[in-house]
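One structure is given below, encoded as structure tokens.
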Amino acid sequence: MKPNAYGAFVRAIRKSNGETLSDMAAKLSVSIAFLSALETGQKIIPLAYIDKISDVYNLSNDEKVELANSIDISNNKITIQLNNLDSDRIEVALKLARQIEKMSDEKVEELKKILA
């Protein structure tokens, strides 16, 4: 099966470290089958893998963000922790989540500039 975004990212990590799927599975204390299933979208990737892989492979902050993004894309969802946000930020997060699909390209570009 073709790798998802997460699969492509971790395969690049393996390649840069001269490792096999088996090597990475051993380092992460998971089975080869489980790791393969994560990489091909057959299982949901636990968000805890952001820290787990970052720690094991000593990823830079930029790489950690890229890993997190690849997990969100592969899991086909984004999780926002609301418990530490004030009511204004919660309101913004919820409005964005509800409106993003129908938002015009112009509004999306405006938001990208604001959030840059």
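All of the numbers you see were taken from the coordinates with simple rules; none came from a lab. Because the structure is predicted, anything quoted here is derived from the model rather than measured. Using ideal geometry, Cβ is built from the backbone for each residue, glycine included, and neighbour counts are taken over all protein chains shown.
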Using the per-residue mean of other Cβ atoms lying within 10 Å as a proxy for protection, in what order, highest first, do the peptides 20-27, 64-71 fall? 64-71, 20-27
Apply the Karplus curve 6.51 cos²θ - 1.76 cosθ + 1.60, θ = phi - 60°, to the phi angles in the range 101-106 and return the couplings in whole Hz, x for Gly and Pro. 5, 9, 6, 5, 4, 5
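Would you mind working out the magnitude of the charge dipole of the chain relative to its Cα centre, with +1 at each Lys and Arg C-beta and -1 at each Asp and Glu C-beta, to the nearest 20 Debye?
Details: 16 positive and 17 negative charges, 74 e Å.
With Lys and Arg at +1 and Asp and Glu at -1, about 360 debye.
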Percentage relative contact order, the range 5-75, counting C-alpha pairs under 8 Å, at least six apart: 41
Semi-axes in Å, largest first, for the chain (Cα gyration tensor, √(5λ)) are 32, 15, 14
What lysines sit close enough to Lys77 to cross-link, taking a C-alpha to C-alpha distance under 22 Å and skipping anything fewer than 8 places away on the same chain? Lys2, Lys43, Lys52, Lys64, Lys95, Lys102, Lys107, Lys112
Just from its helices, what would the mean residue ellipticity at 222 nm be for the chain, if runs of 4 or more DSSP H residues each count -39500 (n - 2.57) and the sum is divided by every residue, rounded to the nearest 500 deg cm²/dmol? -20000 deg cm²/dmol
Pop out the ³J(HN,Hα) list for the range 74-91 in order, Karplus 6.51 cos²θ - 1.76 cosθ + 1.60 with θ = phi - 60°, rounded to Hz; leave Gly and Pro as x. 5, 7, 6, 7, 10, 10, 10, 7, 8, 4, 9, 9, 6, 5, 5, 5, 4, 4
